[in-house]
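Below: one structure, written as structure tokens.
The values are calculated or read from the model by the stated rules, or taken from the named source; none is laboratory data. Predicted model, so just to flag it, every value in this text is computed and none were measured. Neighbour counts run over all protein chains shown; Cβ positions are idealised from the backbone, glycine included.
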Amino acid sequence: MSHLVIAPLILPLVAGILLLFLRDVAIAWRRALALGATLAQFGLAVLLAVAVNDGTILTYALGDWPAPYGIVLVADRLAAWMVLVTALLAPFPLLHACRGQDEAGRHFHVLYQWQLFGLNGAFLTGDLFNLFVFFEVLLLASYGLVLHGGGRARIRAGLHYVVVNLAGSALFLIAVGTLYGLFGTLNMADLALRMAAADPDLAGPARAAGLLLFAVFALKAALLPLYLWLPRTYAAAAAPVAALFAIMTKVGAYAILRTATLMFAGGSLGGLLDAWLLPLALATLLAGLFGALAARSLGEQAAWLVVASVGTLLTAFGLGSAAGIAAGLYYLPHSTFAAAALFLLADRIGSGRGALADRFEPGPALAGAGWLGGLFFVAAILLTGMPPLSGFVGKFLLLRAALAHPAWPWVLAAVLGGGLLALVALARSGSLLFFRAAGAPAPAAAVPVAPAAALLALGLVLTVAAGPLSDLAAAAAGQLLAPQDYIAAVLGSHP
Amino acid sequence: MEALIAGLIGLLTACGVYLALRGRTFPVVLGLTLLSYAVNLFLFAMGRLTVGRPPVIGTGLPGYADPVPQALVLTAIVIGFAMTAFVIMLALKARAELGSDHVDGAERP
Amino acid sequence: MSLVALAGGVLLYAGRRPLYAWFDRHGDRLDARRLYNHLVDGLHDLAGAVTRGLDGGGLQRLVAVFVATALVLGLAGWLGTDSPLTGPRARLPADGVSLLAAVAMAVAAVAATVLHRRRFTALVLVGAVGLVVALAFVKFSAPDLALTQLSVEVVTIILLLLALYFLPQVSPAESALGRRGRDLALAGLAGLGVAALAWAVLTRPYTGIGDWLVAHSVPGGGGHNVVNVILVDFRGFDTLGEITVLALAGLAVYAMLERLDISGQGCDDGGRAWDSDMHPVIMASLTRLLLPLALLVSVFILLRGHNLPGGGFIAGLVTAVALIMQYLANGVAWTHARLPANMQPVIATGLAVATATGLASWAFGRPFLTSAFGHLDWPLVGEFELASAMAFDLGVYLVVVGATLLILINLGRLHDASHAAPPCADDKEAAWKP
């Protein structure tokens, strides 16, 4: 037993509690504490990733109760990968916020830490009801963060976001309840075993519950037709919050991947998502890019590009093959960092344009337009998947995996056509923001540019290290497609 | 008895969903409250219906109701309470800032 | 193939003069840059049309799409199989009292839905539904749930009542008939679907992990109330997440209300001014007398929770209700003079206690939240069982008290501020505006 598995949960929880105690201490100290905690989080994530790198699956029985009776945390390659991506992302929106936006409302840092608590909990838990609890933790933290700073647009978007997610939580409970009522367990590995051996008489309600669960995760992941909450929410949220939320849709995608490979892998629930995931993902990809084309501001465009990236990611997962899942896992950090960088960049660009903000209208020349334009160019290349950066590598892996799938012409057409649409959309916004400028430059703003640049640099790292990283992704995909190892690790460790 | 409970759960769900689809915040909150009652009853019923056998050991009863769904419902009630408290306050905030208690504010998108 | 190309070339050459002439007239339109711009603008317009078509409509559309999607997916999942709706499990007979309670609940729920525009009435009816839910928990062997449901019900209704003060008392009738028909159909189908799912599960047998938990509750968890042992021990991690949610709700509401400027209305719908006498004497003195008693009861509930129905959550709510009664009866100013208004340290302490209890097991080489318990002979009290889970439950209690009061006190403060507003403005809508 190693406490390393639970450490990524304890750290943000305790950091949040400390920040709550210290709420009246000078902001500089609290910022230092929050940043220190996220950096330590990164260290823990690296240690965890190293610990599972030889293919071992670490488990942690909370309260020392054996699975399936107690709650168990499970760190396999996928969970460690997700925790690592979150930890890599988290410091940069925080740094961006620490230039003053964190003081626009109360408790920003507490909410931020507990958001990380919820995210890491969702990635590491091996229990379906515990997953529900962590979904609620990360949702309530995100409600607070969406509203951070106030303002009409945020409150309207926040109200929509909250109500839709409350409906989603109700459905989550119905699905989990049905699965418990049928199989008498909540542990995901145990559920997988019992589902595989289930009486065919149970198939009807079990498959219905499985697809209801998929509906809940599709809502969180913003899959068509459940994606409409996302653009208005992300575009309205403060830039650091939107940047952190780049990982939020990935929680839904993670949950879909986990349930599809573990619980819906065989038996009476086998192939449950086959008919749905790929077509919906392709449609989401195109809908997101159409939205990006029609966007009226850079923040809105970034939000639609998040939708498109969810479409691409779930297309990869929807292929179902090891190569497809591996391509998706490589694409996941890339799209997260690139989208987060674009949100932060939009904030920086908007702050230099006065009342126009980041709206697509010709405005004054930007102070530091050369720098910003260069960063925007890099972000655009990453997001459109042009060579030679990581977006291209991700799409190349995806297309190579798609060739083995019967629906390959559709995937090829949507991904390549989508790349073209993204190119047109970003070229249009870039030319509007940087080349149709007129008049004197506005005074330089206090919004930092370094965090966005650092996130883009992470994209470059992903490109340079594409070889070893795609090997890691392939190993994680292979582990997912052999769920018996996961089940043995969770259930086999006790008599 | 099973049919009665299933029917009630269905009725509460229908009323909750209908109210949640209204255009003003207060009925929506009431609808979500009804929906959470329905969901809590549903989750609770997943341990099947048992009369007169609370899961408290040492009462001398011949058996116990399944305690797991009860514990889950307790957690769900608490989380539901937190959510209701949050969303009603958000409704007040929206009323003050958007100038209307319509879910889309005064100027509809 | 080359013949065709050749023929095309010849044709082009033959028709070169008209072509040149045409190009002279229209050639500038073939400029690649303009073509590109036309193409992009067209694409942009198309994208705008598609996106507006999909994205139009507000929250109601979002919720409706979600309900419809869930219905389609649930139905599709079932229809692919040949499972019968009804399973083979033996069923309980219905008795008269249950039938009566069910009818009462059904009437209240339907009435709340039909009368939803009269908000106060609808709220009272929803409260009645909640009470019958608590009765159902009593009937079906869940005393802990009944206690919890009751106390949550009280706090929720107080909260909604206080909030309703700041909202219009009636909803305007603004949904078109078609919209209402669509919503009714969606709601009816959702109800049918959930009822069918419940029926399908209730009529099928299962073997759960519950028996193992019942068997290990006393020897392994040191408590006789299995539900409480699950909450603080077997699944204590769920509870830690749950109190984090509660703490988050309190803090998020606090952050949200900080700069809220809202006034309630000073008069009812008939234009009569509301009673300005806020604190009736009898209620004020009674609640002051009751406070120590209520606090004693909540400590009792907290301590006995491990063995009998009760526990930190219910105890916390009882305390919160007792303290809220002081606010309602004596006013914010009176109560603030006697009670620390800032509940954030209470929340932080509660979470810290719960987390520290969990971390303490690391010192003994055990995983997070491993419980320990032993028996203690207290003078006068007699043998008393002390479990580390009780410290955890204390943390739960503190978070519940802190978060509930944080929300309600802030709402109460808004009330006090709004009483300063003129009592009965001519224009009702204006009186509600910030």
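Could you figure out which of (1) within 16 Å of residue A:123 (Cα to Cα); (2) among the aliphatic types (A, V, I, L, M); (3) out of contact with any Gly (no Cβ under 9 Å at 6 or more places or on another chain) isn't true of residue A:26?
Unmet condition: (1).
Taking the range C:167-178, which residues are without any contact (Cβ under 8 Å) to a residue 24 or more places away in the chain and touching a helix residue (DSSP H, G or I) at 6+ places or on another chain (Cβ under 9 Å)?
C:175
Scan the range C:123-144 for residues that are in contact (Cβ under 8 Å) with a residue 40 or more places away in the chain and either part of a helix (DSSP H, G or I) or in contact with a strand residue (DSSP E or B) (Cβ under 9 Å, 6 or more places away or on another chain) (or both) and jot them down.
Answer for the range C:123-144, where residues must be in contact (Cβ under 8 Å) with a residue 40 or more places away in the chain and either part of a helix (DSSP H, G or I) or in contact with a strand residue (DSSP E or B) (Cβ under 9 Å, 6 or more places away or on another chain) (or both): C:123, C:139, C:143, C:144.
I'd like the residue in the range B:65-91 that is more than 11 Å from chain A (Cβ to nearest Cβ) and in contact with a Gly (Cβ under 8 Å, 6 or more places away or on another chain) and, out of all such residues, is nearest to residue C:210 (Cα to Cα).
So the residue we want is B:67.
Residue B:37 is checked against (1) surrounded by 24 or more Cβ atoms within 10 Å (Cβ to Cβ); (2) of a type outside the set (S, T, N, Q); (3) within 23 Å of residue A:183 (Cβ to Cβ) and fails just one. What number does that condition carry?
The single condition residue B:37 does not satisfy is (3).
Would you confirm, using the coordinates I've provided, whether residue A:414 is aliphatic (A, V, I, L, M), under 30 Å from residue A:66 (Cβ atoms), modelled with pLDDT of 85 or more and assigned to a helix (DSSP H, G or I)?
Spelling it out, it is not the case that residue A:414 is aliphatic (A, V, I, L, M), under 30 Å from residue A:66 (Cβ atoms), modelled with pLDDT of 85 or more and assigned to a helix (DSSP H, G or I).
Take residue A:153 and tell me if it is of a type outside the set (D, E, K, R) and buried (at least 24 other Cβ atoms within 10 Å of the Cβ).
So residue A:153 fails the test.
Output the residue which, of all residues in the range C:125-151 that are in contact with a Pro (Cβ under 8 Å, 6 or more places away or on another chain) and facing chain B (nearest Cβ under 9 Å), is modelled with the highest pLDDT.
Residue satisfying both the conditions and the ranking: C:137.
Spot the failing condition for residue C:192; the list is (1) free of Cβ contacts under 8 Å to residues at least 12 places away in the same chain; (2) within 20 Å of residue B:87 (Cβ to Cβ), and only one is missed.
Tallying (1) free of Cβ contacts under 8 Å to residues at least 12 places away in the same chain; (2) within 20 Å of residue B:87 (Cβ to Cβ), residue C:192 fails exactly one: (2).
Give C:88, C:93 a once-over and let me know the one that is under 25 Å from residue B:52 (Cα atoms) and within 11 Å of chain A (Cβ to nearest Cβ).
Just a single option satisfies the conditions, and that option is C:88.
Given the structure, is residue A:315 assigned by TED's automatic domain parsing to the domain that holds residue A:125, in contact (Cβ under 8 Å) with a residue 40 or more places away in the chain and not small (Gly, Ala, Ser)?
The answer is no for residue A:315.
Hey, which of the helices (runs of 4 or more DSSP H) in the range A:125-211, taking only ones fully inside, have at least 3 residues that are at the interface with another protein chain (Cβ under 9 Å from one of its Cβ atoms) and without any contact (Cβ under 8 Å) to a residue 40 or more places away in the chain? Can you show your working first?
On the way: elements: A:128-146, A:152-183, A:188-196.
Correct list: A:128-146, A:152-183.
Please go through the range B:68-100 and pick out each residue that is among the acidic types (Asp, Glu) and crowded, with 24+ Cβ neighbours inside 10 Å.
If the condition is that a residue be among the acidic types (Asp, Glu) and crowded, with 24+ Cβ neighbours inside 10 Å, then no residue fits.
Enumerate the pairs (first residue in the range B:41-63 and over 24 Å from residue A:186 (Cα atoms); second residue anywhere and in a loop (DSSP other than H, G, I, E, B)) with beta-carbon separation below 6 Å, excluding pairs fewer than 6 apart on the same chain, so at least 6 apart or on different chains.
B:58/C:224; B:61/B:53
Counting only residues that are part of a helix (DSSP H, G or I), facing chain B (nearest Cβ under 7 Å) and within 21 Å of residue A:198 (Cβ to Cβ), how many does the range C:172-212 have?
Residues meeting the conditions: 5.
Restrict the check to the range A:36-53 and report whether at least one residue is within 14 Å of another protein chain (Cβ to nearest Cβ) and either within 20 Å of residue C:244 (Cβ to Cβ) or not in a loop (DSSP other than H, G, I, E, B) (or both).
Within the range A:36-53, not a single residue is within 14 Å of another protein chain (Cβ to nearest Cβ) and either within 20 Å of residue C:244 (Cβ to Cβ) or not in a loop (DSSP other than H, G, I, E, B) (or both).
Could you identify the single residue in B:48, B:22 that is of a type outside the set (A, V, I, L, M), crowded, with 24+ Cβ neighbours inside 10 Å and outside any helix (DSSP H, G or I)?
Answer to the check: B:22.
Go through the range B:92-102 and report how many residues are part of a helix (DSSP H, G or I) and more than 7 Å from chain C (Cβ to nearest Cβ).
The total comes to 3.
Can you name the helices (runs of 4 or more DSSP H) wholly within the range C:331-434 that have at least 2 residues being at pLDDT 85 or above and buried (at least 23 other Cβ atoms within 10 Å of the Cβ)?
In the range C:331-434, the matching helices (runs of 4 or more DSSP H) lie at C:344-360, C:388-419.
Of all helices (runs of 4 or more DSSP H) completely enclosed by the range C:1-78, which ones contain at least 1 residues that are modelled with pLDDT of 80 or more and at the interface with another protein chain (Cβ under 9 Å from one of its Cβ atoms)?
C:32-55
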